[in-house]
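A.B. asks: Sharing a structure, written as structure tokens. Questions coming.
The values are calculated or read from the model by the stated rules, or taken from the named source; none is laboratory data. All of these numbers come straight from a predicted model, not from anything done at the bench. Backbone-built Cβ (ideal geometry, glycine too); neighbour counts: all protein chains shown.
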Amino acid sequence: MSSKTYLRILQGGLIFSLFFVLFVFTDLLFPYISSKQLSFNILMELLLAIWLVFIWRYPSYRPKLNLMIAGLVAYFAVILVSCFTGVDFNLSFWGDVERMLGFFHIFHFLIFFFILITVFRMWTEWMMLFIASITAAVVVSLIGLFGANGYSTIGNTAYVSGYLIFNIFFAAILFFRARSSWRYLYVIPTLIMLFQFKGMHTSGAIIGLGASIFLAILLIGILHSNKKIKYSLLSVSALMIITVAVIFSQQQSAWFQNSFLKNLTSQKVTFQTRLLSWQGAALDFKYHPWLGTGFGNYAIIFDRQFNPIFFNYDKVETYFDRAHNNLIDIVSTTGVIGLMAYLSIFIFVLYYLWLELKKNGYKINGEQNGCRNLEIVLVIALMAAYFIQNLAVFDSFVTYIGLMMMLGFIYWLPKEDAFKSEEETINTAWLKDSEREWFALIIIFLIALFIVSKYNMKPYRMLQGVIKGYSSIMVGRSEEGFNIFRTSLTDTPLDRDGRGTLINLVASNPEALTSLSVESMKLDYEYLVSLVVKNLQYNEQDSLFQLQAAQIYDLGARIFFKDDAQRTYYSELSLAAAEKAIAASPGRIPGYFVKAQSYLMQNKVQEAIETLKYAASLNPDYPQSYCRLAQVYMLSEAVDEVKESLEKCVDGGAVSQLGSANSLIMAATYLAETEDYPRAIIVVEQLTEVYGDKAEVWLNLAKLYVVVGDADKAKVAADKAVELDSTLKGQADAILEQLTIDNK
């Protein structure tokens, strides 16, 4: 094939890949991530086969290595090495479905980069690439602005913001590179993207974009040859600094606290949780300074250094698998060596950009060199925005694409003129004729297809099966669902998430298992245990896996409760797994709940109480500990001990953590008997969430409302009881009549 044919195929492939950001295949697990990454992987693997033959046959197109590329390759090399030195090779190399940021997946972005710097050689080609990227970003923005979800097809507001930053700057580059009045058309997509960006409310990205705009204005002011423009822009820069300083000096003012500006300060809850995470990373660094815990293995650091104070800020998002700070994440998981390699990329980038500025005379004006310097300033500002927003997040599919495009453009800038005059040469070695060329293409393409099938299509089918199996179980077809899981989980590199999906589903909905026949229940439970064991083989220090194991073994102890030997066997396994989970994350309070439950299954009530007391001492402001403690006190009929724990549970707004309906009934009964009617009402209201179809529950709630004199709520509750059971009408009328008498 001619070089032009190769170029058009490869260019078209890269441009097409930019639209994968729109892919959301709802039949896949984690569709916002897996849909894009697997499609991207497949395309890059096929393009790689074509690219290898292309640069083999046409050596003049081979990328010219420089320090920036050396830094990029070194960084990927360190990541690969850390996969083997870290704690969980599978997670480091293959990643998980929720992120798909294992070495295997991010290596495809490096493929993208090398193809990019090979085939995009003229400004018209870069213009088409930028226009394609901006077009995709505009579609993403419009879907976000007018669709059901603000995060559009990307699935995360932080990812959307980072993605839009790149494309806003790409639009700026196109605007200033163009010379005709048509360039003002680029304002339209920029405004659309800015509206979507505003709606994401991502603090780090807002600060990053704002800082980059300031930096661009400042640098243009410093370098511009027109004194009027120079001093105007420098004045604007100074005014921006003063304005920001004045605004943020009012942080304690009511208007500031009620505005979005509060989210740009350290007062934001997510900043506080991330700060705790970063502090933990600093404490843990001494254990793995050089190569870290292994790429993607930040979770082990977070768990090991988990601070129970975290629950004061967030009780839901308590598992961090990333530092939410790119630099901390890199140094934690790839060590100092990884961080140095990563930073070297950008140090060399700045060096090359400085050389370009120097070559162009350090001036921005209307001349060709002056316009190129303006582009360099925009690239520097974009790099600043990328770095700053990544101090509160981490790279994802969309930002990796943007980063590689930015680095590719930086590689191209000094070579723009050289590419125009470069002559094409054809290899005269083995690949000199078309027959050998096609033979090489076919062989390499077949290898690519094998990789596509084994490492992309097979996981793709597994992810589809997981969703089908999950859906079947959720609608009551448990046996069918388990069988689908069996046929889908065939030991692909990404099975860990598929196994985890079934484990979590059964742990939170035991009836999915207990509703089966005895024989099927035993078989499916054994299968579930086998999945737990397989996941633990990746990393026995994983507190989440150990906690899941403890929950599944505890479920076994309850399923086989009547069999003393089985109950003891599984409760001991549950206790051992809970202790390992606690050892891996001593500050994570829920681990102690599972441990206490294991003690209860062994009838070791006092040990369960002591475990829960210790859990409560880790964070006295975490009400869930008191709920579990109150539950155990009530079950053990330690009436004298219930009061304090139950009050802290109810007052802390954690009544739902009291456990089963029986526990709620016991709590309500205790509170009513001690004449603590306001708290009794809160418990019974929670009981209606569990037993909302039981007329007696509503009738009892009506009685409590009568005691506290709440006539309106008493009538609503009494009417609901009669609606569910008309035979209770006489009792309901009597209750409401009593309320009338009391009011007289």
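A.B. asks: Can you find a residue in the range 133-155 that is aliphatic (A, V, I, L, M), assigned to a helix (DSSP H, G or I), under 19 Å from LEU7 (Cα atoms) and in contact with a helix residue (DSSP H, G or I) (Cβ under 6 Å, 6 or more places away or on another chain)?
C.D. replies: The answer is no, given that none of the residues of the range 133-155 is aliphatic (A, V, I, L, M), assigned to a helix (DSSP H, G or I), under 19 Å from LEU7 (Cα atoms) and in contact with a helix residue (DSSP H, G or I) (Cβ under 6 Å, 6 or more places away or on another chain).
A.B. asks: Right, here's the next one. Looking at (1) under 17 Å from TYR599 (Cα atoms); (2) among the hydroxyl-bearing types (Ser, Thr, Tyr); (3) surrounded by fewer than 20 Cβ atoms within 10 Å (Cβ to Cβ), which is the one condition that is false for TYR633?
C.D. replies: Of the numbered conditions (1) under 17 Å from TYR599 (Cα atoms); (2) among the hydroxyl-bearing types (Ser, Thr, Tyr); (3) surrounded by fewer than 20 Cβ atoms within 10 Å (Cβ to Cβ), the odd one out for TYR633 is (3).
A.B. asks: Being touching a residue at least 40 places away in the same chain (Cβ under 8 Å), part of a helix (DSSP H, G or I), more than 22 Å from LEU618 (Cα to Cα) and touching a helix residue (DSSP H, G or I) at 6+ places or on another chain (Cβ under 7 Å) narrows it down to one of LEU573, LEU531, LEU547, so name that one.
C.D. replies: The conditions single out LEU531.
A.B. asks: Can you tell me which residue is surrounded by the most Cβ atoms within 10 Å (Cβ to Cβ) among those in the range 342-380 that are of a type outside the set (Ser, Thr, Tyr) and not in a helix (DSSP H, G or I)?
C.D. replies: Among them, the one singled out is ILE364.
A.B. asks: While we're looking at this one, here's another question. Being of a type in the set (A, V, I, L, M) and either crowded, with 18+ Cβ neighbours inside 10 Å or over 15 Å from LEU52 (Cβ atoms) (or both) is the filter here, so list the residues in the range 1-29 that pass it.
C.D. replies: Listed by number, the residues that qualify are LEU7, LEU10, LEU14, ILE15, LEU18, VAL21, LEU22, VAL24, LEU28, LEU29.
A.B. asks: Additional query: Hey, among PRO459, PRO493, which residue is closer than 21 Å to LEU101 by Cα and outside any helix (DSSP H, G or I)?
C.D. replies: Criteria check complete, one pass: PRO493.
A.B. asks: Taking the range 1-29, which residues are more than 31 Å from the chain's Cα centre (by Cα), without any contact (Cβ under 8 Å) to a residue 40 or more places away in the chain and not in a loop (DSSP other than H, G, I, E, B)?
C.D. replies: LYS4, THR5, ARG8
A.B. asks: Can you say whether ASN700 is assigned to a helix (DSSP H, G or I) and more than 40 Å from the chain's Cα centre (by Cα), as far as the supplied structure shows?
C.D. replies: yes
A.B. asks: Next up: Residue pairs, Cβ under 7 Å, 6 or more apart or interchain, first in the range 229-258 and within 22 Å of ILE364 (Cα to Cα), second surrounded by 12 or more Cβ atoms within 10 Å (Cβ to Cβ) and β-branched (Val, Ile, Thr). List them.
C.D. replies: That search, which allows pairs on different chains as well, returns LEU233/ILE217; LEU233/ILE220; VAL236/ILE217; SER237/ILE217.
A.B. asks: Need pairs with beta-carbon distance below 9 Å; first residue of a type in the set (Gly, Ala, Ser) and within the range 428-448, second not in a helix (DSSP H, G or I); sequence gap 6+ or separate chains.
C.D. replies: Matching pairs, first to second residue: SER434/MET1; ALA440/TRP430; ALA440/LEU431.
A.B. asks: Then there is this: Mind listing whichever residues of the range 282-298 are surrounded by 23 or more Cβ atoms within 10 Å (Cβ to Cβ) and of a type in the set (A, V, I, L, M, F, W, C)?
C.D. replies: Hit for the range 282-298 is PHE295, nothing else.
A.B. asks: Could you please find all residues in the range 259-287 being touching a Leu at 6+ places or on another chain (Cβ under 8 Å) and in contact (Cβ under 8 Å) with a residue 40 or more places away in the chain?
C.D. replies: The answer is none; no residue qualifies.
A.B. asks: Additional query: How many of the residues making up the range 530-556 are of a type in the set (D, E, K, R) and surrounded by fewer than 21 Cβ atoms within 10 Å (Cβ to Cβ)?
C.D. replies: 2
A.B. asks: Do you know which residues across the range 319-341 are touching a residue at least 60 places away in the same chain (Cβ under 8 Å), buried (at least 17 other Cβ atoms within 10 Å of the Cβ) and at negative phi?
C.D. replies: Listed by number, the residues that qualify are ASP321, ARG322, ALA323, ASN325, ASN326, ASP329, THR333, THR334, ILE337, GLY338, ALA341.
A.B. asks: If I ask for residues that are in contact (Cβ under 8 Å) with a residue 24 or more places away in the chain, small (Gly, Ala, Ser) and part of a helix (DSSP H, G or I), which ones from the range 617-644 would you list?
C.D. replies: If the condition is that a residue be in contact (Cβ under 8 Å) with a residue 24 or more places away in the chain, small (Gly, Ala, Ser) and part of a helix (DSSP H, G or I), then SER625, ALA630 are the ones that fit.
A.B. asks: Being surrounded by 17 or more Cβ atoms within 10 Å (Cβ to Cβ) and not in a helix (DSSP H, G or I) is the filter here, so list the residues in the range 195-250 that pass it.
C.D. replies: Scanning the range 195-250 gives THR202, HIS224.
A.B. asks: Out of SER636, SER598, SER617, SER656, I need the residue that is under 21 Å from ALA581 (Cα atoms), out of contact with any Ser or Thr (no Cβ under 8 Å at 6 or more places or on another chain) and polar (S, T, N, Q). Which one?
C.D. replies: The match here is SER617.
A.B. asks: Scan LEU431, LEU391 and give me the residue that is touching a Phe, Trp or Tyr at 6+ places or on another chain (Cβ under 6 Å) and either buried (at least 19 other Cβ atoms within 10 Å of the Cβ) or in a loop (DSSP other than H, G, I, E, B) (or both).
C.D. replies: From the options LEU431, LEU391, the qualifying one is LEU431.
A.B. asks: Quick check on the range 30-59: of everything there that is within 19 Å of ILE451 (Cα to Cα) and of a type in the set (Ser, Thr, Tyr), which residue is surrounded by the fewest Cβ atoms within 10 Å (Cβ to Cβ)?
C.D. replies: This residue is SER39.
A.B. asks: Among the listed residues ARG477, ARG486, which satisfies the condition of being modelled with pLDDT of 95 or more, touching a Phe, Trp or Tyr at 6+ places or on another chain (Cβ under 8 Å), under 30 Å from LEU555 (Cα atoms) and surrounded by fewer than 21 Cβ atoms within 10 Å (Cβ to Cβ)?
C.D. replies: Of ARG477, ARG486, the one residue that is modelled with pLDDT of 95 or more, touching a Phe, Trp or Tyr at 6+ places or on another chain (Cβ under 8 Å), under 30 Å from LEU555 (Cα atoms) and surrounded by fewer than 21 Cβ atoms within 10 Å (Cβ to Cβ) is ARG486.
A.B. asks: In the range 100-132, what count of residues is obtained for those that are over 19 Å from LYS458 (Cβ atoms) and not in a helix (DSSP H, G or I)?
C.D. replies: Of the residues in that region, 4 qualify.
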